[in-house]
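So the structure is just underneath, and the comments pick up after that.
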Amino acid sequence: PYSMGRTEDIWGKDWNEFRPERFLENPKPSPYVYTAFLAGPRMCLGQNLADLEARIVLARLLSAYSFSMAEGAPPVRYDNSLTLPMKHGLWLKVERRASSLFAY
């Protein structure tokens, strides 16, 4: 998974850029490319539930708040580790949207 996530043939020349919109171009990568839930006959049984939960959380957050990179934020870099944590974290500016479907 470490080298597969850095392969230009799969992710393009900007493989090391934080660019989540890349998944809008090809919404569902092959399970053999994105191995978080494995692939083939041993596919994770909880993948559909995990995807649904992630979509619900994102829909609620994105409808109530707007997110942008904070001023002076360091570039996004990853530490070398099994789980690839961000070296300096992800510095975001979070603002409550004026009109939100959800009241908190």
In the range 12-50, which residues are without any contact (Cβ under 8 Å) to a residue 12 or more places away in the chain, open to solvent by less than 50 Å² (accessible area, probe 1.4 Å) and outside any loop (DSSP other than H, G, I, E, B)?
ARG22, GLY40, GLN47
Scanning the range 70-86 for residues that are surrounded by 13 or more Cβ atoms within 10 Å (Cβ to Cβ) and within 18 Å of the chain's Cα centre (by Cα) gives VAL76, TYR78, MET86
Suppose we filter LEU101, LEU61 for residues that are among the aliphatic types (A, V, I, L, M) and either at pLDDT below 85 or loosely packed, with under 12 Cβ neighbours inside 10 Å (or both); which single one remains?
LEU101
Examine the range 59-77 for a residue that is within 26 Å of PRO1 (Cβ to Cβ) and not in a loop (DSSP other than H, G, I, E, B), and state whether such a residue exists.
no
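The values are calculated or read from the model by the stated rules, or taken from the named source; none is laboratory data. Computed from a predicted model, the values in this text were never measured in an experiment. For neighbour counting, all protein chains shown are included, and Cβ atoms are generated from backbone atoms with ideal geometry for every residue, glycine included. These accessible areas exclude ligands, DNA and RNA; they are computed on the full protein's heavy atoms, side chains included. Shrake-Rupley method; radii C 1.70, N 1.55, O 1.52, S 1.80 Å.
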